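Read the structure below first, then the notes.
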Amino acid sequence: FAIKPPSREITRVERRDDGLWLISAYGSHRLSPRSPRTVRITLTRTGALSDMPRPGIVETPDFNGWSFEETPEAVILRTSELYITVDRSSGSFSYYSASGELLLSEADRDAKTMERFPKYRTVSAHTEKVETADGIKEVVREAQKVEDGFSYHARMNFKLQDGEAIYGLGQNEEGFGSMRGQTVYLHQANRKIAVPMMLSSLGYGILTDCYSPVIFSDTPYGTYIYSEAVPEMDYYFIYGGDMRGVIAQYRYITGKATMLPRWAFGYIQSQEKYDSQEDIETTLSGYRSRGIGLDCLVQDWSSWEDGKWGQKSFDLSRYPDPTAMIDKLHREHVHFMISVWANPSAECDDYKEFDREGLILPYSNIYNALSEKGRQMYWAQASRGLFRHGVDAWWCDSSEPKEPEWAHVERGEPAKMFTEYVETLSASIPVEQTNAYCLYHAIGLYDGQRRETDRKRVCNLTRCAYTGQQRCGVILWSGDVAATWDTLRRQIAAGLNFCASGLPYWTTDIGGFFVKRGNMWYWRGDFENTTADLGYRELFVRWYQWGAFLPIFRGHGTDCRRELWNFANADVPFYDSIIKINRLRYELMPYIYSNAGSCWLDDGSMITNLAFDWPGDETAKQISDQYMFGRSIMVCPVYEPMYYLPDSKRTDRPKKRRVYLPAGGWYDFWTEEYLEGSRWIEADAPIGILPLYVREGSIIPTAEFAQSTEELSNNITLKVYSGKDAEFDLYEDEFDGYGFEQGRYIVTKLRWSESEQKITAERQTTWQLSAEEESRRYNIYGTKIIKKEK
């Protein structure tokens, strides 16, 4: 006999203080509008809602601007911007814009499923220390577990529309553009960042408020979002009107992206690793003597005493006067970032302090960031050991905090790596929170520094992120990738999808982290001779050119020195090409920093897929190797060798790059030639040229090159790419500190009138500036009009 499942028929409808409740034998739905464009939807099998912490979401004001109606067939919830129809007999949802455009429909039957399963708690385990590329890790080899309550696997089954593209879902290293036809495993890893935010080209998004790993699938096995362990199904349906509107609503419910200091948008020099105070100071001298733009030097692991992995203090035998070292950097207008870790070794004083207070996670050497006390202790250690010396920024490495896939010689299957991650992390962290460690870790560092001072903005380069982490002053990077041309190609899409997930600041290890080929699956670079290989020098130049048009501009890696002068070559002007793009980054700083200001002020993004601006263009929706940098500049990275193959083998491939120009008019950035869009072109791409195109009707503010952002002149030149009316919001503030939160910022509305051939500037601010402050503000020094040729 077939055992009938519980009926999903809606038998009772109730409006309560917290939303609209729809009751069936299967479970209870709650629809809770949070704004005219966002509705929180919860399904519980128990009839009650849990009190599990949800650190990714911020409090929003109560919203009562909604109504509902009932018909014999459906229950309909309405706001001014959208409505949701719930089929009474099946409980399936359909989502519409207020004008009646279908956005998304769930499966006709079994649209949402929840399967109860027993949870287990580890009561004893055999662990051993394993040396990895990320230091010594405690690995659980055998464990004894006992049952400890229950949780649910949850699945939302839905139907996507023909031609619809899907973006976001954090960072994957496979190089997916649109996620249609793919399976994406959302768990944290060295080269993966899990952010459960799905963004559609139709102008809606789904944020899954789940803190365990998630799977997105659009395959013959079904189209669904699966959550590994939740007390109830909980997600937000967001209608943005367009994709930018979805990002804005994501920030409304998860928190604004805070401002980074302006220096963070200059060039950041890092490598694995500087070994001493002398090494740092020599590198500083090398940059300054050569006139290269530089804003930050980074100390990777090893600042501590030997044998004390992760201790947050300096080894005074190698760094005899860290305060004087950092002061010297500051006098040269260079900032200092230092690597800090969550897994101190047992020999460290930091570890012993955590251990005495019971703040080490079970069966690990990782501090308990899920505990408020643990987070406060971590900051106290960082403050007394490092921050007091003048440290400007943090590099929270390995914030997963475990990466079981890196213990394997061969790369595991994605589904197996997903399962192994869940099993490994749940030995130390509640299974419902296994994706969220990095978020708690970032919250602790941000809150700690904010308590100590408001004069220095938190800047935290970290490897993993989760929902809402943009409010913690974080920069994400793509992990320890390998130096290959194919990796460079895939990285472009990785960054675009990460930023489409709602977090604006992302970067990469310029040149790839691993340059040589090692015995582990991840150590697979193509260049055994590193910088002596002309093939690697060419790859580095192209990676560097692309990196200059990312939100954050940063070089890093192992196997060889990464200072820029190591890439000089007599036959092909590799070094000259690097210096050219380094200078351009600084010349564009008023444009770059204004776009960063928009991320905070207007909930914008610094880099976007072409689909953000051309959602109806079928070609643009599929492109993952071109993108917009701000609203005006289209970037087309070169990711194929044209001069040298590995081992310095000469090749003479065409110095061209195929580029798609979407609808509208475009100017070649380098030649200022005007081009009509809606077509493919063959763009010139010799080693000194990264193909860049500026939209007709754009204003780009520029400055003269200086060796750091602090030394930039406040005299700026406006470049107007004419043909249409244009606007640009020029943003400026104190460039560091949190005065911008109290209104200490200026937006100058720049407008170009095509008919009048005239530009106007209207300053908008409530900031009452002193004469000295006024002298440091932007001054429009000149205007250059770029016109179509007659």
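The values are calculated or read from the model by the stated rules, or taken from the named source; none is laboratory data. Note that this is a predicted model, so its numbers are computed, not measured. Don't worry about glycine lacking a Cβ; one is built from the backbone with ideal geometry, like all the others, and counts go over all protein chains shown. Keep in mind that these areas ignore ligands, DNA and RNA; they rest on the heavy atoms of the full protein, side chains included. Shrake-Rupley method; radii C 1.70, N 1.55, O 1.52, S 1.80 Å.
List of remarks:
- Residue, most open to solvent (accessible area, probe 1.4 Å), within the range 363-381, restricted to residues that are touching a strand residue (DSSP E or B) at 6+ places or on another chain (Cβ under 6 Å) and small (Gly, Ala, Ser): SER364
- Any hit, the range 153-164, residues being in contact (Cβ under 8 Å) with a residue 40 or more places away in the chain, in contact with a helix residue (DSSP H, G or I) (Cβ under 6 Å, 6 or more places away or on another chain) and within 21 Å of ILE623 (Cβ to Cβ): no
- For ARG40: the one exception among (1) surrounded by fewer than 18 Cβ atoms within 10 Å (Cβ to Cβ); (2) in contact (Cβ under 8 Å) with a residue 40 or more places away in the chain; (3) charged (D, E, K, R): (1)
- The set of residues from the range 483-510 being touching a Lys or Arg at 6+ places or on another chain (Cβ under 8 Å) and within 17 Å of GLY557 (Cβ to Cβ) comprises THR484, LEU488, THR507, THR508, ASP509, ILE510.
- Every test in (1) open to solvent by 10 Å² or more (accessible area, probe 1.4 Å); (2) touching a Pro at 6+ places or on another chain (Cβ under 9 Å); (3) part of a loop (DSSP other than H, G, I, E, B) is passed by TYR466 save one, and that test is (1).
- Subset of the range 532-567 that is within 18 Å of GLN271 (Cα to Cα), over 18 Å from the mean Cα position of the chain (by Cα) and of a type in the set (A, V, I, L, M) - its residue that is most open to solvent (accessible area, probe 1.4 Å): ALA532
- Complete set of residues in the range 541-588 that are in contact (Cβ under 8 Å) with a residue 60 or more places away in the chain, over 23 Å from PHE498 (Cβ atoms), of a type in the set (A, V, I, L, M) and part of a helix (DSSP H, G or I): VAL541, LEU564, ILE579
- Neighbours by Cβ (under 8 Å, 6+ apart or cross-chain): first from the range 491-508, in contact (Cβ under 8 Å) with a residue 60 or more places away in the chain and β-branched (Val, Ile, Thr); second open to solvent by 10 Å² or more (accessible area, probe 1.4 Å) and not in a strand (DSSP E or B): ILE492/GLY175; ILE492/SER624; ILE492/ASP625; ILE492/TYR639
- In the range 779-789, the count of residues that are in a loop (DSSP other than H, G, I, E, B) and open to solvent by less than 80 Å² (accessible area, probe 1.4 Å) is zero.
- Residue in the range 576-596 that is crowded, with 22+ Cβ neighbours inside 10 Å and more than 29 Å from the chain's Cα centre (by Cα) present: no
- Subset of the range 5-22 (residues that are open to solvent by 20 Å² or more (accessible area, probe 1.4 Å) and either in contact with a Phe, Trp or Tyr (Cβ under 9 Å, 6 or more places away or on another chain) or not in a loop (DSSP other than H, G, I, E, B) (or both)): PRO5, PRO6, SER7, ARG8, GLU9, ARG12, VAL13, GLU14, ARG15, ARG16
- Beta carbons closer than 6 Å, at least 6 apart along the sequence or on distinct chains, pair a first residue in the range 622-648 that is at positive phi with a second that is in a loop (DSSP other than H, G, I, E, B) for SER648/ASP533.
- ASP729 of a type in the set (D, E, K, R), within 29 Å of ARG457 (Cα to Cα), open to solvent by less than 20 Å² (accessible area, probe 1.4 Å) and touching a residue at least 24 places away in the same chain (Cβ under 8 Å): no
- Residue in the range 217-239 that is of a type in the set (D, E, K, R), open to solvent by 10 Å² or more (accessible area, probe 1.4 Å), farther than 22 Å from THR608 by Cα and in a strand (DSSP E or B) present: yes
- Considered as a group, the residues in the range 505-524 that are of a type in the set (S, T, N, Q) and closer than 19 Å to ALA494 by Cβ include one that is surrounded by the most Cβ atoms within 10 Å (Cβ to Cβ), and that residue is THR508.
- Filter result (of a type in the set (A, V, I, L, M, F, W, C) and touching a residue at least 40 places away in the same chain (Cβ under 8 Å)) within the range 703-726: ALA703, PHE705, ALA706, LEU712, ILE716, LEU718, VAL720
- Against the conditions (1) under 30 Å from LEU645 (Cα atoms); (2) at pLDDT below 95; (3) out of contact with any Phe, Trp or Tyr (no Cβ under 7 Å at 6 or more places or on another chain), GLU403 satisfies every one except (1).
- Of the strands (runs of 3 or more DSSP E) entirely within the range 610-669, those holding at least 1 residues that are open to solvent by 20 Å² or more (accessible area, probe 1.4 Å) occupy 656-661, 665-668.
- Residue within the range 392-412 that is open to solvent by 30 Å² or more (accessible area, probe 1.4 Å) and either under 22 Å from ILE338 (Cα atoms) or under 24 Å from the mean Cα position of the chain (by Cα) (or both) present: no
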